[in-house]
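Reading through the structure tokens given below for one structure.
The numbers here are math on the coordinates, done by the rules we state, and not lab data. Since the structure is predicted, the reported quantities are computational estimates derived from the model, not experimental observations. Every residue, glycine as well, gets a Cβ built from its backbone with ideal geometry; the counts of neighbours run over all protein chains shown.
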């Protein structure tokens, strides 16, 4: 019976890749492959801003998005046991770690592995506080999707502070409703052609096909080690709700430009580390290295990797090697998400794309260790789909 349940759940979580849009879909949700560096640093940035309640933003985003995501993975006729099993399996399948929900009805939940804890240890050191805000929100959303009950979940022990496991307690009697993941209908046709540059040496389709075929899902510990980092398949909606909410709150207190710089910086740091791992990996050596002919081919190959990770479709529209680059994103998740959540905006919204573009360019053309390459290029988003433009256009330039 257990194996039958497991097989049934696995079928619901099969990855579906939509080639025209470059989207990765699991259980009805667009997901992006991002690393533990980005996820932990994004959490630190949002929760460390003294003028806003960043923890509430992050917990609320996880609760809202995963209440919907888990519900999409459930089936009519699922028993309560199966419903909890789906919530537990989705968490580990997406790479967030190992979460034990078997005693959720008793109000006790434990985690023996955590993507976010790994992220803090890898790049941020031992924190002074517990760091599993994401898991708190996930379980609150799971409880609502599985049972319809409104609860608060609070972490009381954390591996990031030396505990053998992360432990959570469930507080009942909540009256605050779970927010709906409401979006505006959006009729948008991405640009299919443009004056884009290609490398004749790089077989883009072969790279995309190989990456999509990779079994990127959580192992026995619910983690996804790949390319020298821990990956996670995070719903685009989660990032959009966190970042849109953070920007709105920071603008409310007069710190909007600071928030934009912080979000771009975290993405730049992530791109430097993740793509260094990609370019040092056996997969790169076996698949991409034999294609490389010219000094700019690693850049074209790295951009192709981006197009297989769920962020949308990127194209290089102009290039002066080592000096500047123009990138066009025809359907980036940040701009599309901003349109869906906010409608047309007055300012560009793709801070993550800005940072990632600068990080990749610095990795390919920069000198010295990564710490010296960080911040050596600057990106300006010249046009943005969120503002009603037909494409998001980024100009990356060397500073100094």
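What do you get for the angle between helix 297-306 and the principal long axis of the chain? Use alpha-carbon atoms, 0 to 90 degrees, nearest ten.
The angle comes out near 30 degrees.
Sticking to Cα atoms, compute the Rg of segment 204-398 to one decimal and its Dmax as the biggest Cα-Cα distance, whole number, in Å.
Reported Rg and Dmax, both Å: 16.7, 52.
Cα axis of helix 54-73 to longest principal axis of the chain: angle in degrees, 0 to 90, nearest 10?
On a 0 to 90 degree scale, this one is about 80.
Suppose R0 equals 45 Å. What FRET efficiency, 1/(1 + (r/R0)^6) with r the Cβ-Cβ distance, do residue 165 and residue 186 give to the nearest 0.05?
Calculated transfer efficiency: 0.60.
Taking 0.36 nm per intervening residue step and subtracting the Cα-Cα distance, what contour gain separates residue 251 from residue 53 on full extension?
This chain segment gains 69.9 nm when fully extended.
Order these by the 10 Å Cβ neighbour count, fewest first: 99, 247.
If I rank by nearby Cβ atoms, fewest first, I get 247, 99.
Return the label of the correct value of volume of the Cα convex hull per residue in Å³, as calculated from the structure shown, out of (i) 145; (ii) 155; (iii) 230.
(i)
Grab the beta carbon distance between residue 221 and residue 13, set R0 = 25 Å, and tell me the FRET efficiency rounded to 0.05.
0.90
Can you give the FRET efficiency for residue 105 and residue 281, using 1/(1 + (r/R0)^6), R0 = 41 Å, r = Cβ-Cβ distance, to the nearest 0.05?
0.45
What is the fewest-to-most order of 120, 84 by other Cβ atoms lying within 10 Å of their Cβ?
Sorted ascending by nearby Cβ count, the order is 84, 120.
Running a GNM on the chain with Cα contacts under 10 Å, which residue among 253, 46, 178 ends up with the highest mean-square fluctuation?
253
Note the angle between two axes, namely the Cα long axis of helix 2-12 and the longest principal axis of the Cα atoms of the chain, as a number of degrees from 0 to 90, rounded to the nearest 10.
40
Please identify, among 264, 179, 236, the residue showing maximal mean-square fluctuation in a Gaussian network model of the chain using a 10 angstrom Cα cutoff.
179
Normalised by the number of residues in segment 27-171, what is the relative contact order in percent for Cα pairs under 8 Å and 6+ residues apart?
27
Taking 7 Å along the Cα-to-C-beta vector as the label spot, tell me the residue 344-residue 126 distance in nanometres, rounded to one decimal.
5.4
When 296, 367, 389 are ordered from fewest to most other Cβ atoms inside 10 Å of their Cβ, what list results?
367, 389, 296
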